[in-house]
1. Sorting check: for 348-355, 190-197, 631-638, which peptide has the highest mean count of neighbouring beta carbons within 10 Å, and how do the rest follow?
2. What accessible surface, in Å², does a 1.4 Å probe find on R140, ignoring ligands, DNA and RNA and rounding to the nearest 10?
3. May I have the pair-distance distribution P(r) for the stretch 100-169, computed from all Cα-Cα distances with 10 Å bins from 0 and rounded to whole percent?
4. How do L644, L767 stack up against each other in accessible area, from largest to smallest, with a 1.4 angstrom probe?
5. Given +1 on the Cβ of Lys and Arg, -1 on the Cβ of Asp and Glu, and no further charges, what dipole in debye does the stretch 9-168 carry about its Cα centre, rounded to the nearest 20?
6. Starting from a Cα-only point model with no solvent, please compute log10 I(q)/I(0) by Debye for the chain at q = 0.06, 0.09, 0.10 1/Å.
7. Which value, in debye to the nearest 20, describes the size of the charge dipole of the chain about its Cα centre when Lys and Arg Cβ atoms bear +1, Asp and Glu Cβ atoms bear -1, and nothing else is charged?
8. Take every Cα pair under 8 Å in the stretch 150-238 that's 6+ residues apart, average their separations, divide by the length, and report that relative contact order as a whole percent.
Amino acid sequence: MRHRDTDSVVLWWVTVFGDFWFGVSWLLNQASKLNPIRRVPNLALLNQRFDPPGNGSSSSSSQLPAVDVFINTVDPVDEPVLCTMNSVLSILATDYPVGRHATYFSDDGGSLVHYEALLEVARFAAVWAPFCRKHRVEPRAPESYFAAKADNAGPYAGDAPAQFVDDRRHVRREYEEFKARLAALFTVIPQRSEAHGPDSAKGATPTFMADGTHWPGTWFEPAANHNKGQHAAIVEVVLNHPGDEPQLGAPASSENPMDLSAVDVRLPMLVYIAREKRPGYDHQKKAGAMNVQLRVSALLSNAPFVINFDGDHYINNSAAFRAAMCFMLDPRHGEDTAFVQFPQRFDDVDPTDRYSNHNRVFFDATSLGLNGIQGPSYVGTGCMFRRAALYGADPPRWLPPDGSVSKQLSSSDNDPCHHFGNSMPFINSIPLATHHERPVSPPPASPLDAELAAVATCAYEDGTGWGDCVGWVYNIATEDVVTGFRIHRKGWRSMYCATEPDAFRGTAPINLTERLYQILRWSGGSLDMFFSRNSPLLAGRRLHPLQRVAYANMTAYPISAAFIFLYDLLPLMWLSGSEFYIQKPFATYAAYMFAGIAMMEVSGMVEITWAGITLLDWCRNEQFFMVGATGVYPAAVLHSLLRLVGLKGLPFKLTAKPQSSGAAAARERFAEVYEVQWAPLLVPTVVVIAVNVAAVGAALGRAAAGGWSLPQLAATAGGMLFNAWVLLLLYPFALGIMGRWSKRPYLLFVLLVVTLAAIASAYVALLPVFAPRSVSPFWLGFWSRVGSSIFPTSWRI
Ligand SMILES: O=c1ccn([C@@H]2O[C@H](COP(=O)(O)OP(=O)(O)O[C@H]3O[C@H](CO)[C@@H](O)[C@H](O)[C@H]3O)[C@@H](O)[C@H]2O)c(=O)[nH]1
Ligand SMILES: [Mn+2]
């Protein structure tokens with residue numbers, strides 16, 4: 001490399017360094033894809049060994065280990081209660097031995113609506129779960145089940161085809177009534193409280209439960225000790241442990257037209273939890289909620305396995321728990337497997353997936369690459385854990401020959417990581433949680449109410465290892481990636497499990513601004529992790545070297561954006577009109593560059609073809625990375641810098657959920673795609689678009705004014721390719737800020753042409769004033785944008 005111009009030496013270094021960084025990240029990115037592995041669970045073998053046929057899900061002789069299911073929500077309105085309750089129903093009806101799974105519902109809003117909705121769920125599930133078992137219907141979330149077209153339903157799989165149509169009609173009616181009762185909760189509860197009248201002593205209107213007592217959680221009219229950030233801990237068992245013996249239902253009768261005489265009608269255990277909230281405490285959002293679930297469930301059912309998902313995700317394939325068990329119980333790697341991650345799949349994403357919500361490249365290619373190393377990262381939902389691994393145990397393969405996981409966890413040395421808090425029943429439960437052969441705990445003999453509330457208080461975790469080396473990790477926006485990492489660095493492995501049909505499905509933000517806030521949280525959290533004690537660079541030797549590389553890439557990727565952003569703004573210099581000189585790329589350089597681009601594109605193609613992803617998915621991924629890189633990732637870098645100097649960083653918010661209640665049916669589908677919500681986060685990308693459009697317009701003007709020789713024109717055209725490329729990558733963003741107009745995308749092109757013409761003529765008019773004699777720094781863009789335009793990303797965007 002030769003460089004003769006001293007004027008632009010700083011820029012020269014920036015681009016050299018930037019391109020070097022892109023090259024290195026590309027190479028590192030490839031490193032984690034060297035050994036992609038797709039593993040398929042063998043359900044037949046699992047059932048044969050642990051749940052012999054003939055017994056079905058009603059078996060009491062099943063040897064399948066117990067599972068505690070965690071589900072989280074915050075607010076019955078922001079996260080529509082119907083959607084959340086559908087998730088709960090899909091769990092209660094799932095195909096797993098009824099006595100061997102228990103559901104822990106965490107309500108961070110402390111709302112009576114959620115509690116009473118669960119009571120309604122318990123009532124409706126008495127019809128729904130037996131119906132699903134009898135006719136083996138899928139999916140077992142009623143809203144999705146009834147919404148599916150009959151021709152998508154697949155062949156009938158149950159034992160009573162003759163009764164199916166009648167039963168389905170009956171259950172559908174019941175479901176409609178259930179929905180009406182759910183919707184009514186928002187009026188019934190305030191009316192009930194109104195009827196009781198205000199509490200004269202406190203001067204507030206309490207929210208009353210059906211039995212006439214005060215609800216200990218949040219009140220409709222918040223009062224001291226009864227608002228969202230301040231209320232007592234509540235743990236209520238909604239459905240108790242059903243016992244291990246199957247209970248057949250009643251034959252059809254006039255009251256109950258569904259014949260259940262051959263169906264197990266038990267329902268699995270269901271528990272409502274609202275952890276204590278106190279002002280001044282950092283409640284650690286979802287991670288804090290799940291650590292409470294971990295302790296409460298330990299006291300009640302203490303299953304050796306835990307599966308967690310978000311309130312807006314439901315079980316779409318009721319064999320999901322069994323599929324995960326195939327990996328956990330596998331004699332080859334099973335006992336060293338800490339978690340089994342399923343891909344996240346989404347309903348209700350607009351058909352063209354404008355903002356890459358499906359993240360196909362990450363879920364269908366990258367994750368398989370990781371699966372061939374030490375395993376996929378944890379992505380927050382649809383993941384089954386080994387409880388002992390969450391408690392901070394070492395995997396068996398790293399234990400001394402005479403050690404065992406349970407021995408290690410119960411050794412109470414002074415290690416703060418073995419400090420689980422001071423609940424003796426909890427501490428006693430720890431060694432038991434490692435034996436998965438153990439049948440599920442019977443319901444506790446002595447009343448545990450006080451203990452249950454105690455482990456759900458804020459103060460319980462003070463001075464313990466919770467949030468640090470026990471449970472889900474705190475003080476970070478992406479508790480998921482870092483929690484998975486903490487487990488990997490101990491030497492555990494994880495498994496990736498994609499099933500057909502999808503194991504879980506959920507909702508995703510399809511509005512541009514919401515989506516950008518989501519990736520801001522992810523990228524900011526990831527970068528925080530990179531600069532924290534949990535940095536992949538600081539992990540010990542138990543972390544596989546390639547896994548370390550993958551984690552480094554997965555957490556440091558926002559840094560690349562700093563360069564991309566800069567490159568995208570380079571045309572600005574040329575617009576300034578002052579003299580500027582940059583060396584042209586010489587022929588050999590250009591040849592290498594094009595060969596490099598071709599190689600990267602081809603390897604990308606091979607990758608997506610192997611993974612079975614469509615070209616559109618891939619383009620969306622590239623496009624959305626560029627959208628992120630121009631606004632969100634620089635913001636994430638800023639956030640991390642603020643945190644590094646001890647400031648608070650950016651605030652992160654709950655991802656908005658599609659509001660499916662009420663008039664939704666009448667409303668247009670995917671309406672959120674067309675909503676424009678202005679936010680500062682949008683501005684940098686708008687600037688990049690403006691700069692690139694202006695640069696192209698100015699170049700056209702210059703060409704029209706006859707300011708260039710033919711070779712110069714050709715060179716400019718070459719440089720403009722890259723402006724066009726940037727604009728093409730930002731196309732979804734441009735559609736996003738057009739709002740409803742984006743229903744007619746051709747308008748965007750009309751607008752583009754008009755703008756270009758306007759800028760070109762303005763430039764021609766102004767040319768005599770500024771009279772630049774410069775050589776186009778498109779050259780700069782030309783060679784330095786090599787990296788930015790093709791920098792591939794396969795991380796979660
Ligand atoms: O104080 C809180 C905040 C959130 N949540 C729950 O956490 C889940 C995820 O929150 P959401 O705002 O929906 O985030 P998403 O962007 O949809 O979540 C993705 O990204 C998160 C990491 O940032 C992961 O934890 C999630 O599993 C993953 O789906 C939801 O069920 C919430 O109810 C709580 O329980 N308490
Ligand atoms: Mn979500």
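The values are calculated or read from the model by the stated rules, or taken from the named source; none is laboratory data. All figures in this text were calculated on a predicted structure; none of them were measured in a lab. Methodologically, a virtual Cβ is constructed for each residue, glycine included, from the backbone with ideal geometry; neighbour enumeration extends over all protein chains shown. Only protein heavy atoms, including side chains, enter the accessible area calculation; ligands, DNA and RNA are left aside. Shrake-Rupley method; radii C 1.70, N 1.55, O 1.52, S 1.80 Å.
1. Numbers: 348-355: 17.6, 190-197: 13.4, 631-638: 23.1.
Final packing ranking: 631-638, 348-355, 190-197.
2. We get 10 Å² for R140.
3. That works out to 16, 44, 26, 13, 1, in percent per bin.
4. Values: L644 100, L767 35 Å².
Sorted descending by solvent-accessible area, the residues read L644, L767.
5. Details: 12 positive and 17 negative charges, 170 e Å.
Dipole size: approximately 820 debye.
6. Here the Debye-derived log intensity ratios amount to -0.43, -0.90, -1.08.
7. Details: 65 positive and 69 negative charges, 418 e Å.
Around 2000 debye, computed over the chain.
8. Working: 62 pairs, mean separation 11.9, N = 89.
About 13 percent, as a whole number.
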